[in-house]
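Down below is the structure, laid out as structure tokens.
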Amino acid sequence: GGRYDTNLSADTKLVRWLVPDAPWQSLAAQTFMRDYYEPGLYRKLLDCRASDTCAKVFRPLPSIATLNRVLPEVRITDVRAGRDAAEAVVAIEVREGVDADAPNGKHRSGLYNPRLFRNGRLVAMTPRQVDAAGTDLAEWRKRNAVQATQGVHRLEFTVPLPTQAGEAEQVFSAYAFNEDRIKGETATRSWTRPAVTPRPRHAYVLTIGIDDYDTPRFRLNYAVADARLMASRLSAIAGYETHQLVLAAERSADGRRTRVDRATLGLVLSLLAGNADREATLAALRAVGIDASMLQPATPDDVVIVSFSGHGWANPQGDFYLIPGDGRWPDGAETPDLSTVFATADLVAPFQAMQAGEVTLVLDACHSAASVADGRFKPGPMGDSGLGQLAFDKGIRILAATQADDVALEDSKLGQGLLTYALAKDGLGDGKADLDANGGIRIDEWLAYAVQRLSSLANDARVGRITAAGNGTRAMTFHDLPADAPARRVQQPALFDFNQQPSTVVLPKGD
């Protein structure tokens with residue numbers, strides 16, 4: 001059927017396609033990657049054969065011969081310093097591909113969604129917008145087409161640069177897509193930044209915990225404790241000025257409430273992204289009792305860590321939503337009121353705009369792997385706009401507490417969600433996340449440790465080794481097996497880290 005799996009990059013020169021209707025034309029491996037690349041192919045094939053579900057698992061594919069094989073051509077024509085040496089202006093020329101002899105009658109590539117990368121990480125693209133979930137090809141074309149003059153589109157991007165010693169060398173790369181969302185060849189250009197005074201390095205730590213929901217049946221016990229524990233463990237990151245904001249939705253003994261609603265989440269994230277009127281945003285947050293003045297637009301010298309503890313929900317199509325304090329799910333309804341929840345697209349927009357050198361997102365919520373592994377995401381240059389594509393393109397590390405079809409637990413004896421306990425108490429507090437035993441805990445080590453630890457921690461909770469009565473779930477509807485079922489699954493997190501190099505950020509170790 002043409003499906004394949006590979007650990008080679010999209011731009012590999014080691015594999016070429018030969019298509020029957022053009023036997024003398026050799027095509028790059030990426031040409032048909034979008035449709036025919038199937039990560040985990042062998043496992044999926046074995047599983048579906050055993051369960052007789054292959055027709056459902058593997059959707060029908062278009063004929064290779066019908067796809068547009070004419071690709072746009074991209075050149076990086078100039079790189080120069082911007083207003084100062086801390087930014088570069090990169091000029092790009094995108095030229096429409098033309099093949100008068102194309103055997104399938106598709107003679108022109110079209111020009112869609114040019115993207116610019118700095119040192120392998122996405123820094124700019126046009127149009128800069130987020131497609132709706134499940135956008136079909138026709139809608140994608142409408143949203144992402146760029147206009148050409150005599151077949152050529154020229155544009156310039158202003159790109160912030162890191163200013164630390166040893167980071168002067170920059171490699172810019174760019175590509176665009178044709179009308180069938182097939183990636184063209186990658187253009188690259190190296191450039192050396194002029195000398196510049198290094199900026200101070202900042203670490204922005206945003207921890208969010210929601211215990212108190214407007215809907216009483218949603219209320220949790222330990223999400224706020226999670227947010228505070230994460231903040232305390234990340235209070236002093238070596239080499240960075242650390243700035244923290246804890247958003248805690250809780251109800252005090254006298255009935256007073258602090259709320260974290262959908263609007264609040266969007267406003268706070270926009271401060272780190274730098275895509276909002278800062279003073280107006282700070283004023284709107286002060287009006288609801290939140291001082292976010294410590295948050296600034298992140299630069300390539302900075303690191304951003306965001307954690308969310310609370311409810312999450314995924315629909316059967318794999319679309320994921322965080323449930324803020326004002327999230328509503330009417331009694332008897334099959335789904336929540338989608339106008340009140342925080343969709344994956346709401347996360348993509350601010351994280352897409354963030355220019356931080358490293359970004360980490362921790363989701364201690366049910367079904368949270370669906371934020372990335374939504375059934376459509378493939379780790380490659382697919383031209384999508386979901387959170388998974390962003391994690392691949394920008395190197396954002398995402399740790400999800402559970403698989404897409406599973407729930408996250410909080411434990412009454414631990415007083416935490418299990419993922420947060422593994423990260424903050426075991427991983428950092430007890431120093432167990434120092435996997436290479438070199439005395440420091442890098443961000444990638446920290447996240448990888450939680451994946452290793454959580455299955456045993458969840459199993460301890462399942463069999464009663466660490467819990468008393470009151471063990472809870474962060475699901476609004478519990479989809480797992482009954483508590484006394486012998487086949488009850490153990491909570492298994494999912495880590496999405498597509499970085500080729502380890503993190504350079506070292507987290508504090510010990511209490």
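The values are calculated or read from the model by the stated rules, or taken from the named source; none is laboratory data. These figures come from a predicted structure and were not determined experimentally. All Cβ positions, even for glycine, are placed from backbone atoms using ideal geometry, and neighbour counts span all protein chains on display. For accessibility, only protein heavy atoms count, side chains too; no ligands or nucleic acids. Shrake-Rupley method; radii C 1.70, N 1.55, O 1.52, S 1.80 Å.
The residues of segment 6-39 that are under 19 Å from L61 (Cα atoms) and loosely packed, with under 14 Cβ neighbours inside 10 Å, listed by number, are L18, P20, D21.
Counting only strands (runs of 3 or more DSSP E) that sit wholly inside segment 127-194, those with at least 2 residues that are within 23 Å of R75 (Cβ to Cβ), β-branched (V, I, T) and over 24 Å from the mean Cα position of the chain (by Cα) are 187-192. Is there a residue being modelled with pLDDT under 90, small (G, A, S), part of a loop (DSSP other than H, G, I, E, B) and surrounded by 21 or more Cβ atoms within 10 Å (Cβ to Cβ) anywhere in segment 400-407? Yes; the residues of segment 400-407 include at least one that is modelled with pLDDT under 90, small (G, A, S), part of a loop (DSSP other than H, G, I, E, B) and surrounded by 21 or more Cβ atoms within 10 Å (Cβ to Cβ).
Going by the conditions given, is P200 in a loop (DSSP other than H, G, I, E, B) and loosely packed, with under 15 Cβ neighbours inside 10 Å? Judged against the criteria, P200 is a match.
The residues in segment 425-434 that are surrounded by fewer than 24 Cβ atoms within 10 Å (Cβ to Cβ) and either assigned to a helix (DSSP H, G or I) or at pLDDT below 90 (or both) can be counted, and the count is 3. Beta carbons closer than 7 Å, at least 6 apart along the sequence or on distinct chains, pair a first residue in segment 490-506 that is under 11 Å from I398 (Cβ atoms) and of a type in the set (G, A, S) with a second that is modelled with pLDDT under 90 and outside any loop (DSSP other than H, G, I, E, B) for A494/A369; A494/A400.
A single member of G266, G274 is within 30 Å of G120 (Cα to Cα), open to solvent by 40 Å² or more (accessible area, probe 1.4 Å) and in contact with a helix residue (DSSP H, G or I) (Cβ under 7 Å, 6 or more places away or on another chain), and it is G274.
Across segment 290-333, the qualifying residues are those that are in a strand (DSSP E or B) and among the small types (G, A, S), and the one among them that is modelled with the highest pLDDT is S307. Within segment 75-103, the residues that satisfy the criterion of being farther than 21 Å from E169 by Cβ, surrounded by fewer than 17 Cβ atoms within 10 Å (Cβ to Cβ) and either touching a strand residue (DSSP E or B) at 6+ places or on another chain (Cβ under 7 Å) or in contact (Cβ under 8 Å) with a residue 60 or more places away in the chain (or both) are V98, P103. Entry remark, segment 130-181: residues being surrounded by fewer than 13 Cβ atoms within 10 Å (Cβ to Cβ), among the charged types (D, E, K, R) and more than 22 Å from V94 (Cβ to Cβ) number 2 in total.
Of the helices (runs of 4 or more DSSP H) lying entirely inside segment 24-64, the ones with 3 or more residues being within 20 Å of G383 (Cβ to Cβ) and either out of contact with any helix residue (DSSP H, G or I) (no Cβ under 7 Å at 6 or more places or on another chain) or among the hydroxyl-bearing types (S, T, Y) (or both) are found at 33-36.
The set of residues in segment 207-244 that are open to solvent by less than 20 Å² (accessible area, probe 1.4 Å), in contact with a Gly (Cβ under 7 Å, 6 or more places away or on another chain) and in a helix (DSSP H, G or I) comprises A223, V224, D226, A227. Sub-9 Å Cβ pairs linking a first residue in segment 431-456 that is free of Cβ contacts under 8 Å to residues at least 12 places away in the same chain and among the hydroxyl-bearing types (S, T, Y) to a second residue that is open to solvent by 40 Å² or more (accessible area, probe 1.4 Å) and part of a loop (DSSP other than H, G, I, E, B), at least 6 apart or interchain, are S456/V490, ordered by first then second residue.
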